[in-house]
C-alpha cells in the first residue's frame, strides 16, 4: 500500500472512530482503531449492531481501498479528483457523473407515483 493510500486509510479510520465514539460512546481504544491494527473482519465484529449510513459509507470506502479500486468512479471508472477525495474520503463518483446525475434529477424530477 502506498504512502498516500495509508494516509487515506488513516483518515477513514479516524472518521469511523470519531463517529462511533460520538454516536455510541464505544470506549474503544483510539489507537486500536485508527492505527489500522484491525482487519476488516475484526472491525465488522466491533461494529456489529451499529449500523447507520455513515458507518456503511466508511466501511465501503475501506473495502474499495483494500480491493484497489478506491478513488475510481463507480459509474464511469475514471479517477475521482484528489481534492474531492480529501474533502470526502467516502466519495464514490467523479464530479462529471455527479453533475450528470444532479442535472437529470433536476430536469426530470422524482418519479411520480400513481395509485
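Values in this text are rule-based calculations from the coordinates and carry no lab data. Every value quoted in this text rests on a predicted model; they were computed, and no experiment measured them. For neighbour counting, all protein chains shown are included, and Cβ atoms are generated from backbone atoms with ideal geometry for every residue, glycine included.
Please state the shape class of region 1-68: rounded when a/c is under 1.5, otherwise prolate if a/b exceeds b/c and oblate if not, all from the C-alpha gyration tensor. Prolate is the answer for region 1-68, as a/c is 1.5 or above and a/b outweighs b/c. Computed over the chain with a Gaussian network model linking Cα atoms closer than 10 Å, the most mobile of 61, 95, 53 is 53. Compute the angle between helix 95-108 and the longest alpha-carbon principal axis of the chain, please, reported from 0 to 90 degrees and rounded to the nearest 10. The angle comes out at about 50 degrees. Helix 53-67 axis versus longest C-alpha principal axis of the chain: approximately 80°, rounded to the nearest ten.
Relative to the longest principal Cα axis of the chain, at what angle does helix 3-24 sit, 0 to 90 degrees, rounded to 10? Helix 3-24 sits roughly 90 degrees off the main axis of the chain.
Helical runs assigned H by DSSP (4 residues or longer) give the chain a calculated mean residue ellipticity at 222 nm of -18500 deg cm²/dmol, each run adding -39500 (n - 2.57) before division by the residue total.
Residues within the reach of a label modelled at residue 6 (point 7 angstrom out along Cα to beta-carbon, backbone nitrogen below 16 Å), restricted to region 15-36, are 34-36. Overall form of region 41-107: prolate. Here a/c, set by the Cα gyration tensor axes a ≥ b ≥ c, is 1.5 or more, and a/b is the larger of a/b and b/c.
Among [x] 1.03; [y] 1.25; [z] 1.12, find the value of Cα Rg over 2.2 N^0.38 Å that was calculated from the structure presented, and write down its label. Computed from the coordinates, Cα Rg over 2.2 N^0.38 Å corresponds to [y].
The label-point distance for residue 35 and residue 98, in a model that sets each label 7 Å from Cα toward Cβ, rounds to 3.4 nm.
Among 79, 42, 14, the largest mean-square fluctuation in a Gaussian network model of the chain (Cα springs under 10 Å) belongs to 42.
Arranged from fewest to most other beta-carbon atoms within 10 Å of their beta carbon, 74, 55 become 74, 55.
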